[in-house]
1. Consider the candidate values [x] 69, 30, 24; [y] 37, 30, 26; [z] 44, 36, 26; state which one is semi-axes √(5λ) of the Cα gyration tensor in Å computed from the structure displayed.
2. Using the Karplus curve 6.51 cos²θ - 1.76 cosθ + 1.60 with θ = phi - 60°, work out ³J(HN,Hα) for each residue of the range 286-298 in order, rounded to whole Hz, and write x for Gly and Pro.
3. Placing +1 at every Lys and Arg Cβ and -1 at every Asp and Glu Cβ, with all other atoms neutral, what dipole size does the range 270-484 have around its Cα centre, in debye to the nearest 20?
4. The range 332-382: which trypsin sites (Lys or Arg not before Pro) are DSSP loop and have at most 16 other beta-carbon atoms within 10 angstrom?
5. Excluding same-chain residues fewer than 8 positions from K139, which lysines have a Cα within less than 18 Å of its Cα?
6. Determine, from the Cβ-Cβ distance of K619 and T697 and an R0 of 25 Å, the FRET efficiency 1/(1 + (r/R0)^6), rounded to the nearest 0.05.
7. Using Cα pairs closer than 8 Å and at least 6 residues apart in sequence, work out the relative contact order for the chain, in percent.
8. Restricting to DSSP H runs of at least four residues, report the calculated mean residue ellipticity at 222 nm for the chain, -39500 (n - 2.57) per run over all residues, nearest 500 deg cm²/dmol.
Amino acid sequence: MEIAEIKQMHKTLKSWKYNWTVLDRGYTDKILHLNLSTNDICEKAVPIGMKEKFIGGRGYGLKLLWDATSPTTKWNDPENEIIIASGPIAGITQYSGTGKSICVSISPQTDSVMDSNVGGFFGPFLKFSGFDAIELQGKAKEDVIIFIDGINHVVEIMAAPAEPIDSHVLAEVLTEMYASDEKDKKNIAVVSAGAAADHSLIGMLNFSFYDPKRKKVRLKQAGRGGIGTVFRDKKIKAIVAKIPGVKGNLNNVVDLQAIMERGQKFNREMRELDDKQAEMRTKGTAHLTNVMNDYDLLPVHNFKFGNHPDAFKIHGDVWKSKFTQGIPDGCWIGCNMACAKGVDDYLLRSGPYKGSTVIVDGPEYETTSSLGSIAGIFNPDFTIESNFYCDTYGICTITWGTILGFIMECYENGILNEERTGGLKLNFGNADAAMELLHQLGRGQGFGVTAGMGVRKLKELFGKNGWGDPGFLQDIGMENKGLEYSQYVSKESLAQQGGYAMTNKGPQHDEAWLIFMDMVNNQIPTFEAKAEALHYFPMFRTWFGLVGLCKLPWNDVEPENNHEQAEPAKVPEHVDNYVTIYKAVTGKDFDKHEMIRQSERVYNFQRIFNLRRGFGTRKHDAQPYRAAGPVTIEEYESRSERYDKQLMELVGFNPAGKTTSEKMAKLREYREDRYEQLLDAVYKRRGWTKNGVPKITHLKNLGMDLPELIELVTPHQED
């Protein structure tokens with residue numbers, strides 16, 4: 001069907017004209033609210049208290065979701081919302097990494113609040129159209145497209161029965177449909193999900209950006225927690241934003257010159273230092289695959305092992321040879337990090353688009369391990385093709401990979417068999433079966449739909465059916481709070497174990513990545529030092545999500561003299577860049593200490609939001625033992641020299657003459673006790689009770705002693 005024919009089938013359900021507001025110091029102070037059950041559209045003013053305490057981005061998303069839902073709201077209730085917001089810095093083009101948005105919703109996977117960050121053009125385009133956030137509530141009766149016309153200042157809800165659902169096609173169709181010509185395509189942004197989001201709890205959102213060099217629509221993902229599933233449950237096919245263009249100072253900042261000076265300095269660092277430090281411009285984050293393998297951190301066989309002799313097949317140089325070079329691969333205008341790599345003209349070998357030539361966005365490091373080593377598959381073509389299908393079907397590659405690793409280990413242990421999988425031989429290394437499982441989910445058929453439930457529900461299902469020992473399933477099922485682990489082996493880093501399992505939303509590396517500080521460089525040897533790191537870095541990284549920043553430009557390339565600084569892990573010069581930029585955008589008095597306090601307010605609010613949902617206490621920060629140590633005899637014996645030495649030197653237990661099972665039990669006792677001590681230290685540093693609940697005195701110190709928060713935490717103030 002031609003695009004003109006598809007557009008003719010649109011039926012306008014609601015059209016709403018609004019008064020456009022010029023941005024002032026990074027804000028419009030307006031929220032766009034849509035109720036799809038009633039097709040009501042309106043704007044809401046941002047109260048000054050909300051702006052001061054919640055800043056933007058994740059903060060706005062959490063506050064709006066709190067106000068719209070109750071403690072018993074389910075993910076598929078009409079009152080659940082999806083909020084997309086960026087922040088005051090988002091949209092500037094004079095500093096790298098300023099195009100990020102945060103998506104917030106009640107998660108199908110965790111039943112609590114989820115936040116997921118994403119690049120692409122939509123977040124800044126929403127701001128330039130006149131709104132700091134979009135708030136989506138209710139459920140449409142049929143598939144709809146929401147069009148935000150930032151030129152004529154109209155928002156429309158349209159029935160859209162004819163568009164294809166899969167993201168790579170849908171984004172192209174809608175970009176073509178709403179652009180007046182080729183040059184105008186760069187002014188279109190599309191948010192979509194995909195077919196698999198209809199059939200699973202792990203659906204994600206794709207945010208488009210137009211690549212003028214390639215003349216192609218590309219995608220970035222808000223992957224975590226199933227927000228794409230909520231999107232499709234509301235029968236949203238896509239959101240489209242169109243603006244007149246990006247130029248100059250659309251954020252109307254206070255001091256553009258200060259931002260330009262910092263941006264020029266960082267760009268010089270990128271040019272001069274990237275090839276020596278991280279190779280982000282040639283390999284993106286995929287350069288990490290060989291680094292992680294060298295340090296025994298690459299997840300292999302469902303996190304059993306940290307390296308593999310075949311890892312050279314997915315080495316960073318392999319990905320460099322696949323990626324198109326010499327193209328400014330930024331997912332937002334003006335970003336010189338150029339880490340959004342892509343494989344051009346890839347010929348698909350399977351699935352509904354077999355024989356098509358496509359661009360594949362990535363793979364990034366997380367995908368090279370998720371759709372590769374974790375399943376014992378070291379085939380770049382499998383990784384590239386499954387990366388493409390995960391994206392277009394609308395499922396998170398991190399989540400899917402960790403599910404795949406769990407399923408394969410269950411298959412190898414007899415918990416699953418061909419009868420239970422519908423004929424699929426899902427042993428480690430079986431790329432054909434793994435690809436078919438993915439296509440089943442895309443079609444909404446077979447064991448693929450079962451897999452799309454996620455690790456937590458799979459553990460419950462397999463145990464309930466009597467297929468495996470619940471204790472073993474708990475130990476090897478790499479999820480916490482219902483969210484699957486991202487792709488680093490944390491066994492030898494106690495701080496990273498906390499950085500995963502103590503997160504508010506579940507184990508995601510964007511909150512605290514402390515493995516090198518802890519395990520490799522031994523910079524945080526004591527519980528107090530680890531607790532300080534698990535206070536500072538999650539709060540610091542939270543701030544990126546409040547203001548609209550990408551974390552990669554912070555520390556993936558560092559100033560040449562950074563190692564001479566008192567706290568090199570914090571990259572002080574770059575922290576000062578962010579302080580300067582925030583002040584230059586907003587005109588507010590600000591320093592690195594207020595940066596952390598801004599984050600603490602929102603972080604503690606999210607912790608209490610979890611408490612409101614029935615979670616948010618110590619027991620919910622428990623981790624699967626695979627994250628902390630060897631679960632199986634094979635695991636222990638693969639590193640027996642290391643573990644025996646630790647038993648001698650750390651535990652005071654002589655392993656000589658002991659069985660592997662005896663040694664494993666002693667090591668487990670030690671490591672589980674260490675993790676409990678870590679929880680105590682971190683909770684104390686964060687101003688929380690021993691049960692992990694923010695103390696009233698701490699909330700008062702932060703200025704977050706809001707009545708609704710005090711009411712929730714008061715019954716939990718036991719210490």
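1. [y]
2. Result, ordered by residue: 5, 5, 6, 4, 6, 4, 5, 4, 4, 9, 6, 10, 7 Hz.
3. Working: 19 positive and 28 negative charges, 74 e Å.
Using Cβ point charges on Lys, Arg, Asp and Glu, the range 270-484 gives about 360 debye.
4. Numbers: sites: K341, R349, K354; in loops: K341, R349, K354.
Counting only loop positions with at most 16 other Cβ atoms within 10 Å, the trypsin sites (Lys or Arg not before Pro) in the range 332-382 are R349, K354.
5. K11, K14, K74, K234, K235, K237
6. On the way: r = 23 Å, r/R0 = 0.94.
For K619 and T697, the calculated efficiency is 0.60.
7. Values: 1575 pairs, mean separation 99.4, N = 719.
Answer for the chain is 14 percent.
8. Result for the chain: -12000 deg cm²/dmol, rounded to the nearest 500.
Values in this text are rule-based calculations from the coordinates and carry no lab data. Just so it is clear, the structure is predicted and the values come from calculations on it, not from any experiment. Heads up, the Cβs are rebuilt from the backbone with ideal geometry, glycines too, and the neighbour counts pull from every protein chain shown.
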